[in-house]
Amino acid sequence: MDTLPPLTPEFSRPLALGRLPRASVHQFEHSASAEDRAKLAELWDAQEVPKLSFSGTVEPLGKQGWALSGRVRCTVIQTCVVTLQPVATKIDQTIERQFLPDRGDTIDQDDPDDLIEPLCDVIDLGLIASEAVALLLPDYPRAADAALPEQAPFEEPERENPFAVLAQLKSDAEKPQ
């Protein structure tokens, strides 16, 4: 049986939590390379990603957990759905996450706003940043001055009453030929 190679995120910055000292705050600052940005543009169906950076801190939380606090800054050039012209979306967003040991009742998978994630040996800071940006990008980007063309209101064609049609067919059938 063939096994698939592990998937690598387009912007990957793994951080091994086991290597961090529990007595201090770890600061990080990452910028996406040109290759990373090209991969992200393809992933997000964008024309270009001129800038993406993620900075912040990871600090101990309780006896085993970790708290991430960061800020992602990104510019994405998308295509306007009306004019097909480039549209720049600028994102400047704070990101908060808590990584805690799984206690069974800690993590609610149905709550999209839940900031608690299961504790792993490695967290991928790049993946966290790119997921946050992907959720903030507009699904249908529009230029500020883009307007849809005026259309006449749709009018339903007048339909004949089906019973009148049947009565006419019956009447036609009863006529001598």
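The values are calculated or read from the model by the stated rules, or taken from the named source; none is laboratory data. Note that the coordinates shown come from a computational prediction; the quantities given were computed from them, not determined experimentally. For neighbour counting, all protein chains shown are included, and Cβ atoms are generated from backbone atoms with ideal geometry for every residue, glycine included. Ligands, DNA and RNA are stripped out before the accessible areas are found, and what is left, the full protein with its side chains, is counted by its heavy atoms. Shrake-Rupley method; radii C 1.70, N 1.55, O 1.52, S 1.80 Å.
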Search the structure for amide H atoms under 5 Å from the amide H of Val82, placed 1.01 Å from N in the peptide plane, and list their residues when 5 or more places away or on another chain.
Ala143
Using the Cβ atoms and a cut-off under 12 Å, what net charge is assigned to the surroundings of Glu29, where Lys and Arg are +1 and Asp and Glu are -1?
+3
For the chain, share of DSSP beta bridges that run antiparallel, in % to the nearest 5:
90
Which value, in Å² and to the nearest 10, is the accessible area of Glu174 when all protein chains are kept and the probe is 1.4 Å?
130
Under the rule of at least 5 residues apart or a separate chain, name every residue whose amide H is placed under 5 Å from the amide H of Ile116.
Gln98
Everything considered on the Cα gyration tensor (a ≥ b ≥ c; rounded for a/c under 1.5, else prolate if a/b is larger than b/c, else oblate), region 1-84 must be described as oblate
Using helices alone, what [θ] at 222 nm do you get for the chain, with -39,500 (n - 2.57) per DSSP H run of 4 or more residues, divided over all residues and rounded to the nearest 500?
-6000 deg cm²/dmol
Potential extension, Leu115-Glu35 segment - 0.36 nm per residue separation minus Cα distance
25.8 nm
Once phi is turned into θ = phi - 60°, what whole-Hz ³J(HN,Hα) does the Karplus curve with 6.51, -1.76 and 1.60 give for every residue of region 38-54, x standing for Gly and Pro?
5, 5, 5, 4, 5, 4, 8, 6, 10, 6, 6, 10, x, 8, 8, 9, 9
Along Cα→Cβ, 7 Å out, is where each label goes; now give me the distance between the ones at Lys51 and Glu174 in nm to one decimal.
8.3
Exposure rank, largest accessible area first [Glu131, Glu155; 1.4 Å]
Glu155, Glu131
Using the eigenvalues of the Cα gyration tensor, what equivalent ellipsoid semi-axes result for the chain when each is taken as the square root of five times the eigenvalue, whole Å, largest first?
55, 25, 16
